[in-house]
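To start, the structure under review is shown below, and the notes come after it.
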Amino acid sequence: MNRLAYEKSPYLLQHKDNPINWYPWGEEALQKSKEEDKPIFLSIGYSTCRWCHNMNRESFQDEEVAEILNKYFIPIKVDREERPDLDKVYIYFAEALTGYAGWPLTVFLTPDKIPFYAGTYFPKRSQNNRIGLIELLNKIKDLWKERKEEIIKDSNNILEEVDKSFNRIRKGNIDEDIFYRTYKELENSFDETYGGFTKEPKFPLPQYILYLLIYGWNLNNEKALKMAEFTLESMYKGGLFDHVGFGFYRYSTDKKWLVPHFEKMLYDNALLGIAYTKVYEVTGKPLYKEVAEKIYKFVLGELLSDEGGFYSALDAETEGEEGKYYVFTYDEIIGLLGEELGEFYCKHYDITREGNFEGKNIPNLISKNLEDISKQDWAVLDSLRDMILTYREERVKPHRDEKILTSWNGLMIASLAYGGKILNKELFIRKAKEAADFIIENSIDQEGKLLAIHIDGVSYNYGFLEDYAYFSLGLLTLYDVTGDEKYLSLAKKLVYDMLDLFWDDEDKAMFYYSQISESLILRPKDIYDGATPSGNSIAAMVLNKLYRILRDESLYEKHRELLMAYGKDLNENPTAHLYSLLALMNFSL
C-alpha cells in the first residue's frame, strides 16, 4: 500500500494499492518536489468517474508506468470533490493550454506548483494519434533534465496569462433586454425533435428548463413553457431516467436521451427534482409530480446515510463494465416474468431480442405516447417493475461514494423541502430537516466555520463558496416551509460569514475559496453555471432571498454589486449564467 491508504477519500483509497508512490496533496509532497528537484505529476479525478477507472486499470496499476513515475516525478492524487479548489484552479490551466478539460485531469507542475503541461485521459501506450502515458512521461522527464529553466520561465508566463485571461471577470450594467435575448438564444438552440438544447452528448441542464419555466410563467409565454415541458417529458421517457430503480443518470450520449452515462449524482437529482416540482407547480400536470416523487424516492432509498446526510454518487460501472447493473436481455425479462407478462413489459419498455444497447436493453418509453397507456396498464407495469428491481438488486451493485458534501447536501435539502411543500409530502420535508440537522451537528466547527466534507464520522476542509451558498439556500428554503427560526438564524449567520470570508472589496463578487483556506497559485471567482450552479449565482439568490425576509438593505446592495461585477460577461454569454439571471428575476423556491 502507498500513502493513500491513510486517506479518507473513496477516490484516493481506490489507488492505495497502486505500485505508484502516490502522495495526497500536502506539504510533504510539495517539499519533496523541491528537495529532489522533480516535477509533480498531478492526477485529479473522482471515485465514480469511468475514465478515471480506465486510466487506473491501464496505467496506474502497471509496474512499468510506476517505475517511471516513482523515479522521475512526485506523483500526487487529488479527489476533485474533496478539493474542488485545486480542481478549479488546474482546470483553468488545462483549458488555457489545450482548449478543453475533463477527468481524469492530468497536469505536470513545477516544484512551485505552476503547470507547464496538461491533458485528460492518456492510454498507457500511444494509439490513434493520442500520445501514451509512457511516451509522455519519458518526453517530459527528458525535457525537465535538458530545459528545466526554460520550462520554469514558460510556466511563469503561462501563470501570468491565465491570471489575466481566465481569472478576470468583467463588470457592467446588465442589459435591459437580457431576459428576452436569453429566451431567444434558448429558442434557437432548442431541439424540436427530441427536446434539450445541445447536440449529443446531451446534458439535462436544469437551469435552462427553470429559466424557461419562470420566463414563460411571468410573461405568459406558451412557447417557453412548451420547450421546458417537452424537454422534461423527453428526458423522463428516455434511458436517461432509470425506469426500474428511478433517479436520473448523468447525461445522454445520444440525441434521443436513450443511452446514458450510467453514473448517478446527488446534485443532478437535487436540481432535476426542483425542475420537475416547479413544472408541476406551474402546470398542475400529474406526470411531473410522479417524476419528482420518483426522483426523491431514489435519493431517499439509495443515497441517504443512516445518520441523515446524503451520499455523493453511484458509479456508472460494475465489474469493469459500464451499465452492467442496469441493462437487461430480452430472455432475462421473459424468464423472470413469464411469456405473457414479459412480452407486455418488453413491448412497453422497448426491450427486444436484438437490444438497444450493445446487444442488451435500456428500458425506455421514447416511442410511447404516455397518455395512451391506461391506468390499468400502468398498475400492471408498476408491479412488474417491482419484480425486476428485486431481481436487479441481486447483481453486484455499483460503488457508492459515501462522502457527505455540505454543498450538494444543501442543494438536496432545498430540493426536498420545496418538493415536500409543493407535492404535499411531509416525509420529504422531514428528511430535509434531518439532513440539515446532520450538517449543523457534524460539519460546523467549534468556531462556527462551515466545513466542506464529512466521511466516516470526521468533517474537514474549510467550506468553499458553494458550501456556504448552497447550504444557506437549503436553510432558507426550510425556513420558508417550516417556519422554524433556527434555520433562519443559522442562514443569516452563514450569509454574513460568507461575505466576510469570500467577498472581494476591490472588484466585488466572491472568490471560490476563503481567506482562511490554503492559498493556491490563483484565487479564482466561479461565475459560470455548469453541471452545478456557480457559487456566485446561488450567493446572489441567497442574498436576495434573505433580504426579502430581513429587509436589510446592505444585503440587497451586495446582491446587486455581485451580479454587476460580471455584468459584461453575463450580457455576452447569458446562457452560461442562467442561475444568476434567475436570481435577477427574483426566482425563489
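No value in this document is a laboratory result; all are computed from the given coordinates. Bear in mind the structure is a predicted one, so any value in this text is a computation, not a measurement. Heads up, the Cβs are rebuilt from the backbone with ideal geometry, glycines too, and the neighbour counts pull from every protein chain shown.
The Cys residues in the chain with no partner Cys Cβ within less than 4.7 Å of their Cβ are CYS346. When you filter the GluC sites (Glu not before Pro) in region 430-468 for DSSP loop state and at most 14 other Cβ atoms inside 10 Å of their Cβ, you are left with GLU447.
Pairs from the table (LYS8/LYS449; LYS297/LYS525; LYS16/LYS256) lying more than 32 angstrom apart at Cα are LYS297/LYS525; LYS16/LYS256. Which distance in nm do the two modelled labels at ASP552 and GLU64 give, with both placed 7 Å along the Cα-to-Cβ direction? The modelled label-to-label distance comes out at 6.2 nm. Of interest is the spacing of the C-alpha centroids, which for region 463-479 and region 353-369 amounts to 40 Å.
Taken as Cα centroids, region 245-281 and region 379-407 sit 15 Å apart, rounded to the nearest whole angstrom.
Counting only aspartates and glutamates at least 8 places from LYS237 when in the same chain, those with an alpha carbon closer than 16 Å to its own are ASP191, GLU192, GLU229, ASP254, GLU290, GLU293, ASP350, GLU371, ASP372, ASP382.
In units of 2.2 N^0.38 Å, what is the alpha-carbon radius of gyration of region 477-589?
So region 477-589 has a normalised radius of gyration of 1.07.
Placing dummy labels 7 Å off each Cα toward the beta-carbon, the span from MET564 to GLU393 is 5.6 nm.
With a simple spin-label model that places each label point 7 Å from the Cα along the Cα-to-Cβ direction, the separation between ILE373 and ASN129 comes to 4.4 nm. Going by the alpha-carbon gyration tensor, a ≥ b ≥ c the square roots of its eigenvalues, is region 313-469 rounded (a/c under 1.5) or, if a/c is not under 1.5, prolate (a/b greater than b/c) versus oblate? Judged from the Cα gyration tensor, region 313-469 comes out prolate (a/c at least 1.5, a/b above b/c).
A straight chain from ASN173 to LEU219 at 0.36 nm per residue would run longer than the Cα-Cα distance by 14.3 nm. Neighbour counts of other Cβ atoms within 10 Å put CYS52, CYS346 in the fewest-to-most order CYS346, CYS52.
Residues whose amide H lies under 5 Å from that of ILE76, counting only those 5 or more places away or on a different chain, are TYR23, PHE41, LEU42, SER43; hydrogens are built 1.01 Å from N in the peptide plane.
Going through the cross-link list LYS77/LYS153; LYS255/LYS431; LYS324/LYS347; LYS255/LYS421; LYS278/LYS403; LYS397/LYS492, which pairs have a Cα-Cα distance over 32 Å in this structure? From LYS77/LYS153; LYS255/LYS431; LYS324/LYS347; LYS255/LYS421; LYS278/LYS403; LYS397/LYS492, over 32 Å: LYS255/LYS431; LYS255/LYS421; LYS397/LYS492.
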